[in-house]
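The values are calculated or read from the model by the stated rules, or taken from the named source; none is laboratory data. What you are looking at is a predicted structure, and each value in this text was computed from that prediction instead of being measured. Cβ placement follows ideal geometry from the backbone for every residue including glycine, while neighbour counts extend to all protein chains displayed. These accessible areas exclude ligands, DNA and RNA; they are computed on the full protein's heavy atoms, side chains included. Shrake-Rupley method; radii C 1.70, N 1.55, O 1.52, S 1.80 Å.
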Amino acid sequence: MAEASPAYRSVRRSRRIPVIPIVELALLPIFAVLPLVLEDYLTIFVTRVLILALLALSFDLVWGYAGIMSFGQAIFFGAAGYSIALLARDLGITSIFIVLPASLIIGLLVSLALGSFLLLGRCPPTTIFVALGTLTGSYAADRLARGWYYLGGQNGIPAIPSMTAGGYELVEGPVYYYLAFATLLLVYLLCRFLVRSQFGLALAGMREQEARIAFFGYRVQRLKAIVFSLAGAIAGLAGGLYAFHEGFVGPSMLGVVLSTQIVIYALFGGVGTLIGAVIGVIAIEIASFWLADNYQQVWPIILGLLLLLVILFRPTGLIGLLVSERERVGTFGRPPRTLLRAAQEDQHGAP
């Protein structure tokens, strides 16, 4: 029997059924029907999970696709949350058509300002510099909020009025759940389109070989600043949703703890896949909820050991159990027809 040529084997490998779309399509109907089968308190819990998944998605975009280690996603999350809380408290603005776009714009502007400072200097910044810069920014924002009386200091801003759509109040429960779910789905699809576009190809190349992409003429630091700002906008949108869902904003929304927690979500689920960040949030939050209910004294230790084991023995995260390295890194476009035709001719003409 004739042995297949290397080109033909390469084409056949590239035509394997992808796993990530299957996982995405499997999760979609599950979350679409959850409020119909869950009790009210669990619906509220899962709504919070969806909002945190939106925040984790923003981190996966900067680290998994652009190679920017950001320990400051909570800055944009908290800045948007505080801003719309002030709009609701001081100006009485609670309309969904104003507060959600405002939270997105605030996240975009804050991340653009921080990204310009960290990424657009004369010398290309190192990964450590950006990580420490965002970490310092998150700590400084936390301390500022705790010491500013107008923002409520340590107590934050409580009793935020409910978000409204016309004359209808969007309160926690199934209605707010579907709002968070629709927002996450829309942002996820936009991110999926972005990372599969020509821009996403440049990001993937930058992540794997930044020097080579710069040699080809791409302005690497500008690309990083763009994706950093887009991720900040997503984090800001999540902050707006979170503030109205909880009815409260506090300094912890800006701080280092939440920023680090988002990093752990993405690493646990698997960075560089988008769906991995969502899976990481779901897995950790459900595990925390169950362990805290059943092992109240030692649940943080159990959860920490579980996270450590997964990261040590499966560096690609939970998604790495299902997805190959080739699919996780990504392929762009279809193999050229000339290559496919030549491979098939080589296969059929082999002795």
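A few comments on the model shown:
- The amide H of V249, built 1.01 Å from its N in the peptide plane, has I157 as neighbours under 5 Å, considering only residues 5 or more places off or on other chains.
- In order through the stretch 127-144: 3J(HN,Hα) via Karplus (6.51 cos²θ - 1.76 cosθ + 1.60), integer Hz, x for Gly, Pro: 4, 5, 4, 5, 4, 5, x, 5, 5, 5, x, 5, 5, 5, 5, 4, 5, 4
- For S95, the residues whose amide H sits under 5 Å from its own are T164, ignoring neighbours fewer than 5 places away on the same chain, with H placed 1.01 Å from N.
- Pair I30, I17: separation of 7 Å Cα→Cβ label points (nm): 1.8
- Distance from the stretch 257-289 to the stretch 132-206 (C-alpha centre basis), Å: 16
- Residues D293, D90, sorted by accessible area with the largest first, give D293, D90 [1.4 Å probe; ligands and nucleic acids excluded].
- Rolling a 1.4 Å probe over the protein heavy atoms gives the chain an accessible area of 52 Å² per residue.
- Spin-label model distance (nm) - I93 vs V37, 7 Å beyond Cα toward Cβ: 4.1
- Cα gyration tensor, the stretch 276-319 - rounded (a/c under 1.5), prolate or oblate: oblate
- In nm, spacing of pseudo-spin labels at Y295 and S116 (7 Å Cα→C-beta vector): 4.9
- Computed [θ] at 222 nm, helices only, for the chain once each DSSP H run of length n ≥ 4 contributes -39500 (n - 2.57): -23000 deg cm²/dmol
- Taking every protein chain into account, the 1.4 Å probe leaves I264 with about 60 Å² of accessible area, to the nearest ten.
- Over every Cα atom in the chain, the radius of gyration and the widest Cα-Cα span, Dmax, amount to 22.2, 83 Å.
- Within the chain: Cβ-based charge dipole about Cα centre, in debye rounded to nearest 20 (Lys, Arg +1; Asp, Glu -1): 1380
- Three-way shape call for the stretch 96-153 based on the alpha-carbon gyration tensor, with the a/c threshold at 1.5: oblate
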